[in-house]
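Right, one structure below, let's go through it.
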Amino acid sequence: MNALTKPENLSTREIQDLDSAHFLHPFTDYKDLATRGARVITKADGIYVWDSEGSKMLDAMSGLWCVNVGYGRKELADAAYQQMMTLPFYNSFFQTTNVPAVKLAARLSALAPKVGDRSFDHVFYSSSGSESNDSNVRMVRRYWDLLGQPQRKVIISRQNAYHGSTMAGASLGGMSGMHAQGDLPIPNITHIEQPYFFENGLPGETSDEFGIRAARWLEEKILAVGPDKVAAFIAEPIQGAGGVIIPPATYWPEIQRIVDKYGILLISDEVICAFGRLGHWFAYEKFGYKPDLVTFAKAVTSGYIPLGGVMVGNRVAQVLIDKGGEFNHGYTYSGHPVACAVALANIDIMEQELLLDKVRGEVGAYFAKRYAELNEHPLVGLAETSGLVAGMVLVKNKATKERFSSEDAVGMLCRAHCFNNGLIMRAVGDRMIIAPPLTMTLSDIDELMRLIRQALDFTLRDLK
Ligand code: PLP
């Protein structure tokens, strides 16, 4: 009898063997995984997940920046069940629609605040952040074509940005490891440096001064490419997968000045930052800039079912509607009724439990205060938060800000201590990052900080 037909539960080893025999995981070294065996996550509740060996871990990454309302939400399972029994699927091609997709589009439009002359009355649906960014490229190009400026093709992005893993998503992203595989980026996508003050601030320069200087890299790039060739600038409000890089306060206003000056479209990739992560439905509100397109995914359903999309601002939507004729782009699952029903129930939970108010209020303030205390730790170069997302850089020498070399693998060492002691925290090089569920209570935050401090202490001990 093989493991698949065994009547009783599979052992961890059996699952791991089947896993490495058949499952090619995303972003994984397959040989390495086959040797180690994957950690098998079997269940979750609230802010905790359990593995097949019974270890309980506080999931400070909300799955993968998704599970904003926490695990075990019966309301979301009920919404999916009800919708599956009523209408599990129908496409939205060929002039058909479905009720949850319509209701969600209207609801998202109402939640997306109007800024200046930008309002967001339309949604284009996909099933992921990557697909949504592909849709952005299609829409941006179509927009400029329709306006008689087909030469505007170039989209400017940033080094170390993450915009997904499809050809366009990975090209828009600025991850060198991804570009090294598969001849990326595709043509007409170019990158500027990220606004990482800790790394790139000059001696004596304030963070505000750096923010302006970093934003002006965009202007330099526009001038180098030729202003009449630039279609759009895309950026995450806070870079997430790149290591939670929080821009200086001066950065976004200066970016806005520059995109306005050259008339280029602004795409805000809010796959991580929307749906309460920063205390707002959409993060552009927090930073006060005026995007034309806003990418979302992940926490729109708290990750319970795949859904993504683009909030299409009136500047672009009106051109597509008035001049565009048929838009030859879309996905089978654009406006999937079950995913949209779950998203509606997820938004209900966030509203009923005042989760955004809590992130902007008591919970966010307590999280910021407790996390800032980690700056006292000898390993921590800088620990910063925004809403309920946080990042810290681990350093060899606090006074000189000397960094560890990549061979030290300090992040991976710290991450192992987290895992072994009941905490899921992510390592990005020498940066440790978290984005816990928005349902965290003050005592959950105390427990989280205790676990982080313990992992830092163990890491420091090992490095000595
Ligand atoms: N954009 C950003 C900012 C992201 O963080 C991610 C994923 O982490 C994506 C796009 C890609 O989303 P997906 O993995 O759903 O395709």
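The values are calculated or read from the model by the stated rules, or taken from the named source; none is laboratory data. If you're wondering where the values come from, they're calculated on a predicted model, not measured in any experiment. Cβ: placed from backbone, ideal geometry, glycine included. Neighbour counts: every protein chain shown.
Key figures
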{"quantity": "Residue tally, condition farther than 30 Å from Trp281 by Cβ, modelled with pLDDT of 95 or more and outside any strand (DSSP E or B), over segment 376-399", "calculated": "4"}
{"quantity": "Failed item, numbered, when Gly364 is tested on (1) within 19 Å of the chain's Cα centre (by Cα); (2) small (Gly, Ala, Ser); (3) not in a helix (DSSP H, G or I)", "calculated": "(3)"}
{"quantity": "Residues being over 15 Å from Trp217 (Cβ atoms) and either surrounded by 23 or more Cβ atoms within 10 Å (Cβ to Cβ) or free of Cβ contacts under 8 Å to residues at least 24 places away in the same chain (or both) - total across segment 233-242", "calculated": "5"}
{"quantity": "Where a residue in segment 160-172 is more than 14 Å from Val271 (Cα to Cα) and its partner, wherever it lies, is assigned to a loop (DSSP other than H, G, I, E, B) and more than 6 Å from the ligand (Cβ to nearest atom), with Cβ under 6 Å and at least six apart", "calculated": "Asn160/Gly174; Asn160/Gln194; Asn160/Gly242; Met167/Ile186; Ala170/Leu184; Ser171/Leu184; Ser171/Pro185; Ser171/Ile186"}
{"quantity": "Qualifying residue in segment 240-263 (condition: within 21 Å of Leu108 (Cβ to Cβ), of a type in the set (Val, Ile, Thr) and within 16 Å of the ligand (Cβ to nearest atom))", "calculated": "no"}
{"quantity": "Any hit, segment 409-418, residues being more than 24 Å from Gly276 (Cβ to Cβ), charged (D, E, K, R) and either buried (at least 16 other Cβ atoms within 10 Å of the Cβ) or out of contact with any Cys (no Cβ under 6 Å at 6 or more places or on another chain) (or both)", "calculated": "yes"}
{"quantity": "Test result for Ser92, within 23 Å of the chain's Cα centre (by Cα) and over 25 Å from Ile186 (Cβ atoms)", "calculated": "no"}
{"quantity": "Search result, residues across segment 52-80 that are among the hydroxyl-bearing types (Ser, Thr, Tyr) and within 16 Å of the ligand (Cβ to nearest atom)", "calculated": "Ser62"}
{"quantity": "Top-ranked residue in segment 81-126 [being surrounded by 18 or more Cβ atoms within 10 Å (Cβ to Cβ) and closer than 19 Å to Asn328 by Cβ; ranked as nearest to the ligand (Cβ to nearest atom)]", "calculated": "Ser126"}
{"quantity": "Within segment 287-320, tally of residues that are out of contact with any Ser or Thr (no Cβ under 8 Å at 6 or more places or on another chain) and closer than 13 Å to Ser119 by Cβ", "calculated": "7"}
{"quantity": "Candidate set: segment 367-408, residues that are touching a strand residue (DSSP E or B) at 6+ places or on another chain (Cβ under 9 Å), more than 20 Å from Asp446 (Cβ to Cβ) and among the β-branched types (Val, Ile, Thr); chosen: the one surrounded by the fewest Cβ atoms within 10 Å (Cβ to Cβ)", "calculated": "Val395"}
{"quantity": "Some residue of segment 328-351 being more than 16 Å from the ligand (Cβ to nearest atom), over 13 Å from Phe275 (Cα atoms) and among the acidic types (Asp, Glu)", "calculated": "no"}
{"quantity": "Enumeration of residues in segment 259-280 that are farther than 19 Å from Phe367 by Cα and not acidic (Asp, Glu)", "calculated": "Val259, Lys261, Tyr262, Gly263, Ile264, Leu265, Leu266, Ile267, Ser268, Val271"}
{"quantity": "Filtered residues of segment 140-189 (kept if charged (D, E, K, R) and within 14 Å of the ligand (Cβ to nearest atom))", "calculated": "Arg158"}
{"quantity": "Among the residues listed as Phe458, Phe419, Phe404, the single one being aromatic (Phe, Trp, Tyr) and without any contact (Cβ under 8 Å) to a residue 40 or more places away in the chain", "calculated": "Phe404"}
{"quantity": "Pair list, Cβ < 6 Å and 6+ apart or interchain, from segment 134-154 residues that are touching a residue at least 12 places away in the same chain (Cβ under 8 Å) to residues that are assigned to a loop (DSSP other than H, G, I, E, B)", "calculated": "Asp134/Thr166; Arg138/His329; Trp144/Arg152; Leu146/Gly324; Lys153/Asn188; Val154/Asn188"}
{"quantity": "Residue list for segment 319-340, restricted to those being within 30 Å of Leu76 (Cα to Cα) and in a loop (DSSP other than H, G, I, E, B)", "calculated": "His329, Gly330, Tyr331, Thr332, Tyr333, Ser334, Gly335, His336"}
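Matching residues to (1) part of a loop (DSSP other than H, G, I, E, B); (2) basic (Lys, Arg); (3) within 22 Å of the chain's Cα centre (by Cα):
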position	(1), (2), (3)
Arg107	no, yes, yes
Tyr125	no, no, yes
Glu131	no, no, yes
Asp134	no, no, yes
Trp144	no, no, no
Gly148	yes, no, no
Ile156	no, no, yes
Met178	no, no, yes
Gln194	yes, no, yes
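Rundown of residues vs (1) within 20 Å of the chain's Cα centre (by Cα); (2) surrounded by 24 or more Cβ atoms within 10 Å (Cβ to Cβ); (3) without any contact (Cβ under 8 Å) to a residue 12 or more places away in the chain, yes/no style:
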{"position": "Pro248", "(1), (2), (3)": "yes, no, no"}
{"position": "Gln256", "(1), (2), (3)": "no, no, no"}
{"position": "Asp269", "(1), (2), (3)": "yes, yes, no"}
{"position": "Ile272", "(1), (2), (3)": "yes, yes, no"}
{"position": "Phe275", "(1), (2), (3)": "yes, yes, no"}
{"position": "His280", "(1), (2), (3)": "yes, no, no"}
{"position": "Tyr284", "(1), (2), (3)": "yes, yes, no"}
{"position": "Lys290", "(1), (2), (3)": "yes, no, no"}
{"position": "Leu293", "(1), (2), (3)": "yes, yes, no"}
